[in-house]
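Here's the structure we're looking at; comments come further down.
Nothing in this text is a laboratory measurement; each read-out follows from the coordinates by a stated rule. None of the values given here were measured: they were computed from a predicted structure. In this analysis, Cβ positions are derived from the backbone assuming ideal geometry, glycine residues included, and neighbour counts consider all displayed protein chains.
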């Protein structure tokens, strides 16, 4: 077995493209090899700013001969069909193979030298490479058919074992020579094979392994800051970017004027990160320090002093700009800034951002006044029905004076909502869009707004992603909920719901944000009908990602008609706990046995909108006043019989369990409902052991089927057990 090395050297590859480029190189080469019947034992890829490399380990010297066959017409087919097939295959009738009444054209495909396969693959992969952005260069670039690469391609190293694999593309010939570090070793290097590639380049100040470069930066920066009594603020994305910008990384610690620390720390960190690719540091008290770590791509003779000074000056200029934006923005109250929002179109069918602010402000106030969001910790407001729609006269606030502070909270929620988007027109957000909301919170606090209002302005976009914190402060929760609900309701109203993978207005993310705000704060809100299916799908996705079994989620959602997300999740949680117990597993088995018998008898399950219908005429047990004797009852006609002990025991158990489970569900005690159902386990087991359901006596058979239907319906009052696997 032999190893193959490919290095594609070019001018600087953007750091953001390197990871995907490595994946694409491995994928494209694997495809080319597979077409020739080859596969590498191991694939390794590397990327630096100036090179993209691939090592395929364990390739054979040649491909194996393979037999190929093409199916032809049947032996009974007309002669014209056979003649056409022979012409296409280039064979004679005698060369065909007959099998099961069908002709086959069988040909032997000889093996190929692996080096030849690689020689063909190299230009094919280069031409097919899917760079997000690419360029043409040189005289050939006048033609649109010329080679496109991320930056001008300068060299190709292609070695199979120790032999060069001949390849040529756009005037660049493959060979065994590459170059080292641009400054430390700009001369040519001859690579012997894949085995010495990494170490030869290391000796020439090029670390080709991106993971190793990341480790060097992380360790060096941590040691530098610790020596200075500081703590590095880790940033994995920035770490990868610095590794992608350097071939021989050297972390350096610098300082900037402490006067800039008057600017919000997030502004400083973003300025350093986005504009300069610098890390920031914290002092012993955990506050942002006037220090930064930059990554040089050269081992300077002066220890990097001039590099640090140059970077300090550039950062100072950037921080000066940031402070200018901050000071200028502070001179204009957010209330005045908000008046400019009517100049920004939110959506052509939904008006301006000012229009959205008006809707959100009313909805935020309504969420408080209706009791969805409470001013008191742990206090739950009443459920909210379809009247939760906003943007029209349907909103009818109903303040509850029994909750102290509700009026004040409603005022704060409305105030925060009216200021929340004002920072969109500030200079700081114009420079750093990532700061919207956050910088508005700083401005609100500095301009004397109530602390709860400033916090709501700052955090009203949260939660943005799965790892984001969920707000808990009542004012913030009200505004965050209102903002997301408004977007969902408005876009659905104009027919802009997400489709397939397309979600241009991030409505799926908004729905997940609403779900987390409601469930993690224990808020009771009935999702409007037109959004219910969409929220149900998002909730299913969230719960599956959290490790909840998909069949249990389906078992609860299949009940239908549930629009309270907190109640839905409580039911799912209780069901998951129950089915893992012996009682749950055995009840499930008994239920499925009953359901299968009913299905065979044509007794389909009740509809999801009518879970508790009366039993079918002619198929029910007599009531208690009829002495509990099973039989058929229809009008005045009754055919009674003496129930067997196991049959009577199941009736008695159902008489207790059914109402107990229903009452527990009504008070949202789903664990209690499961416990009530668990009492049916033993009676059901005994019933199936001792009773013949399909008795020859029609009365017994009908009554026993009705009893099984009653078992099924009792269970369906809690969850649709037919959806549960096992």
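Compute the distribution of all C-alpha to C-alpha distances in the range 199-252, in bins of 5 Å from 0, and list the percent of pairs in each, rounded to whole numbers.
Bin by bin from 0 Å, the calculated values are 4, 21, 28, 22, 13, 8, 3, 0.
Arranged from highest to lowest average of other beta-carbon atoms within 10 Å per residue, in what order do the peptides 77-84, 179-186 appear?
179-186, 77-84
Mind ranking 205-212, 99-106, 672-679 by how tightly packed they are, going by the mean number of other C-beta atoms within 10 angstrom, highest first?
Top to bottom by mean Cβ count within 10 Å: 672-679, 205-212, 99-106.
Give the span of the range 67-109's Cα atoms along each principal axis, as three whole-Å numbers ordered largest to smallest.
Each principal axis gives a Cα extent; for the range 67-109 these are 30, 22, 15 Å.
With each label point set 7 Å from Cα along the Cα-Cβ vector, what nm distance links residue 299 and residue 544?
Each label point is offset 7 Å from its Cα along the Cβ direction, giving 5.2 nm.
Where a ≥ b ≥ c are the square roots of the eigenvalues of the C-alpha gyration tensor, would you call the chain rounded, which needs a/c under 1.5, or, failing that, prolate if a/b is larger than b/c, or oblate?
oblate
Tell me whether the range 79-197 comes out rounded, prolate or oblate; compute the Cα gyration tensor, take square roots of the eigenvalues as a ≥ b ≥ c, and use a/c under 1.5 as the rounded threshold.
prolate
Can you pull the percent of Cα pairs in the range 31-77 with separation above 14 Å?
68 percent
Run the numbers for residue 106 and residue 641: contour at 0.36 nm per residue of separation, minus the present Cα-Cα distance, in nm.
185.1 nm
Please give the FRET efficiency for residue 71 paired with residue 128, using the beta carbon to beta carbon distance and R0 = 25 Å, rounded to the nearest 0.05.
Efficiency, rounded to the nearest 0.05: 0.25.
Can you give the FRET efficiency for residue 558 and residue 493, using 1/(1 + (r/R0)^6), R0 = 25 Å, r = Cβ-Cβ distance, to the nearest 0.05?
Computed FRET efficiency for residue 558 and residue 493 comes out at 0.35.
Report the antiparallel proportion of the DSSP beta bridges in the chain as a percent, rounded to a multiple of 5.
If I count the DSSP bridges inside the chain, around 95 percent turn out antiparallel.
What is the gain in length, in nm to one decimal, between residue 501 and residue 725 on full extension, counting 0.36 nm per residue of separation less the C-alpha to C-alpha distance?
77.7 nm
If I model a spin label as a point 7 Å beyond the Cα along the Cα-Cβ vector, how far apart are those points for residue 336 and residue 142 in nm?
Those two pseudo-labels are separated by 6.0 nm.
Give the peptides 276-282, 519-525 in descending order of average Cβ contacts within 10 Å, highest first.
276-282, 519-525
Quick one: helix 305-330 against the long Cα principal axis of the chain, what's the angle to the nearest 10°, folded into 0 to 90?
Around 50 degrees separate the two axes.
Give me the distance between the Cα centres of the range 215-241 and the range 491-556, rounded to whole Å.
Result: 39 Å between the Cα centres.
What distance in nm separates the two pseudo spin-label positions at residue 135 and residue 582, each 7 Å out from Cα along the beta-carbon direction?
Here the modelled spin labels are 7.4 nm apart.
Taking only the C-alpha atoms, wrap a convex hull around the range 401-515 and report its volume per residue in Å³ as a whole number.
129 Å³
Please report how far the C-alpha centroid of the range 335-366 lies from that of the range 670-718, rounded to the nearest whole angstrom.
58 Å
Need one number: % antiparallel among DSSP beta bridges in the range 153-294, to the nearest 5.
Counting DSSP beta bridges with both partners in the range 153-294, the antiparallel share is about 90 percent.
State the antiparallel share, in %, of DSSP beta bridges confined to the range 240-304, rounding to the nearest 5.
So the antiparallel bridges in the range 240-304 amount to around 100 percent.
Multiplying the sequence separation of residue 343 and residue 168 by 0.36 nm and subtracting their Cα-Cα distance, what value in nm do you get?
57.3 nm
How large is the helix-only mean residue ellipticity at 222 nm for the chain, computed as the sum of -39500 (n - 2.57) over DSSP H runs with n ≥ 4, divided by its residue count, in deg cm²/dmol to the nearest 500?
-14500 deg cm²/dmol
What Kirkwood hydrodynamic radius do you get for the range 210-328 when you take the inverse of the mean 1/r over all pairs of distinct Cα atoms, in Å?
When all Cα pairs of the range 210-328 are included, the Kirkwood radius is 14.4 Å.
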